[in-house]
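Any read-out appearing in this document is the output of simple, stated calculations on the displayed coordinates, not a laboratory observation. Just so it is clear, the structure is predicted and the values come from calculations on it, not from any experiment. Cβ coordinates were reconstructed from backbone atoms using ideal geometry, including for glycine residues, and neighbour counts include every protein chain displayed.
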């Protein structure tokens, strides 16, 4: 009888063994990334002063997600579940551009949308990007257009296309490493901000409330 009980327990142990087995394989942990303002202060120079408003930057819908997106070619994307943005990407890009402009235009107060109604502005900055992502060839690209808008319903004061890139960066089996890709994106936004700041400084002296007298 005792032999039968031991044998039965042994069979039960074999049956339960696979079910009770615990996998030691670790699931990769998600890494969270932020864009940083990288523009350096310009040499001291006389500026227009006043206030500049930065409107919300527009991005394609497929980039407005928590994960970092790589554009492999014209029709394919790679979405990295373990490389994530710490804030919504459109908000991050808008914040970064505004921070860069505040550094590049120290004589100007830079406001980020939304601002108070009837705030006197020298101009509004509008940025519409169709590309802001690492690419399958190892480059990181920023493409679209930007404009300086008056307060009223007039046409743009300045409107320009933009096409910038960094790289190529080293590419592994999973594409460009997320850290260098995000750093390159921050650098591209700094380049964009320098273009915008130069255009703001070049506006006619009498343009907009708060500008100095000619």
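DSSP beta bridges confined to the range 29-108 are antiparallel in about 60 percent of cases. Taking the inverse of the mean 1/r over every pair of distinct Cα atoms in the range 26-114 gives a Kirkwood hydrodynamic radius of 15.3 Å.
Here 27, 94 are placed in order of increasing Cβ neighbour count within 10 Å, fewest first, which gives 27, 94.
Normalised Debye scattering of the range 62-140 at q = 0.25 Å⁻¹ gives log10 I(q)/I(0) of -1.22, counting only Cα atoms as equal scatterers and leaving out solvent.
Note on the range 84-214: Kirkwood radius taken over Cα pairs, Stokes-Einstein applied at 10 °C and 1.306 mPa s, translational D equal to 98 µm² s⁻¹.
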